[in-house]
1. How many residues does the range 50-75 contain that are buried (at least 24 other Cβ atoms within 10 Å of the Cβ) and within 12 Å of residue 15 (Cβ to Cβ)?
2. Please work out if residue 38 is in contact with a helix residue (DSSP H, G or I) (Cβ under 9 Å, 6 or more places away or on another chain), surrounded by fewer than 24 Cβ atoms within 10 Å (Cβ to Cβ) and over 20 Å from residue 155 (Cβ atoms).
3. What about residue 51, is it at pLDDT 95 or above, outside any helix (DSSP H, G or I) and under 19 Å from residue 190 (Cα atoms)?
4. Filter the range 1-16 down to the residues that are part of a loop (DSSP other than H, G, I, E, B) and touching a helix residue (DSSP H, G or I) at 6+ places or on another chain (Cβ under 7 Å) and list them by number.
5. Looking at (1) buried (at least 17 other Cβ atoms within 10 Å of the Cβ); (2) within 20 Å of residue 245 (Cβ to Cβ); (3) more than 17 Å from the chain's Cα centre (by Cα), can you tell me which one residue 22 breaks?
6. Among the residues of the range 128-147, which ones are buried (at least 17 other Cβ atoms within 10 Å of the Cβ), touching a helix residue (DSSP H, G or I) at 6+ places or on another chain (Cβ under 6 Å) and farther than 13 Å from residue 81 by Cα?
7. Restricting to the range 109-127, name every residue that is in contact with a helix residue (DSSP H, G or I) (Cβ under 7 Å, 6 or more places away or on another chain) and either in a strand (DSSP E or B) or free of Cβ contacts under 8 Å to residues at least 40 places away in the same chain (or both).
């Protein structure tokens with residue numbers, strides 16, 4: 001494999017939210033990936049600099065130099081999802097922040113992995129108006145990844161990535177099954193021994209849901225998760241306020 005120093009940068013998804021909890025700690029796809037890498041490289045050291053709520057510009061400003069200081073040979077970059085709902089969203093500006101990180105890490109000699117985003121309209125129909133933003137951002141990230149020779153994990157084309165059984169009730173964060181699938185996608189993209197494309201296998205078909213029940217579910221989600229998010233934005237607050245990286249140093253990985 002050749003990876004001895006893996007550093008993950010990003011926001012809440014990379015931090016691992018909802019794969020665990022505040023009491024036991026969060027595992028997440030990056031932890032899971034590190035565990036699978038450590039099976040083949042016992043000397044692997046892993047750091048996770050991701051902090052929930054961060055915008056792409058904040059990820060770049062606060063995590064890039066810290067990551068470079070760790071001299072990684074593998075870096076995963078996932079940023080931009082928190083920018084999507086913002087009123088002043090610019091796909092070009094967000095993609096430029098992501099590309100600056102890709103350029104910095106590849107210039108330092110690291111193997112770099114980045115991501116596109118799944119179809120939010122299928123995950124949360126109430127925010128389907130954000131779909132054109134996702135399409136625009138994804139195209140820009142694909143182009144940036146190609147320019148810099150970066151490994152791209154392209155989630156958008158795969159229907160399984162929008163299956164509600166991979167997402168937490170908030171529809172913002174993957175659940176443990178979703179984090180496991182993301183880790184498997186990255187492992188497959190990196191050709192980790194033992195990886196395969198089973199992550200793309202669809203889950204068993206669910207029975208149809210009556211329209212009235214779907215409507216009730218959407219209203220409950222809007223009241224329980226969307227509205228509080230809007231209130232935080234109005235108040236200028238972020239879920240990441242006052243938080244620091246859960247794993248700022250390169251540490252050995254417990255193999256599973």
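1. 5
2. no
3. For residue 51, the condition - at pLDDT 95 or above, outside any helix (DSSP H, G or I) and under 19 Å from residue 190 (Cα atoms) - is not met.
4. Once the filter is applied, which keeps residues that are part of a loop (DSSP other than H, G, I, E, B) and touching a helix residue (DSSP H, G or I) at 6+ places or on another chain (Cβ under 7 Å), the range 1-16 yields 1, 3, 11, 16.
5. Only one criterion in (1) buried (at least 17 other Cβ atoms within 10 Å of the Cβ); (2) within 20 Å of residue 245 (Cβ to Cβ); (3) more than 17 Å from the chain's Cα centre (by Cα) is unmet by residue 22, namely (1).
6. Scanning the range 128-147 gives 140, 144.
7. 112, 113, 114, 117, 120, 121
Residues checked against (1) farther than 17 Å from residue 11 by Cα; (2) part of a helix (DSSP H, G or I); (3) touching a residue at least 60 places away in the same chain (Cβ under 8 Å):
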| residue | (1), (2), (3) |
| --- | --- |
| 129 | yes, yes, no |
| 132 | yes, yes, no |
| 139 | yes, yes, no |
| 157 | yes, no, no |
| 171 | no, no, no |
| 177 | yes, yes, no |
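The values are calculated or read from the model by the stated rules, or taken from the named source; none is laboratory data. Being a predicted model, the structure only gives us computed values, none of them experimental. When we count neighbours, we look across all protein chains shown, and the Cβ atoms used for this are built from the backbone with ideal geometry, even at glycine.
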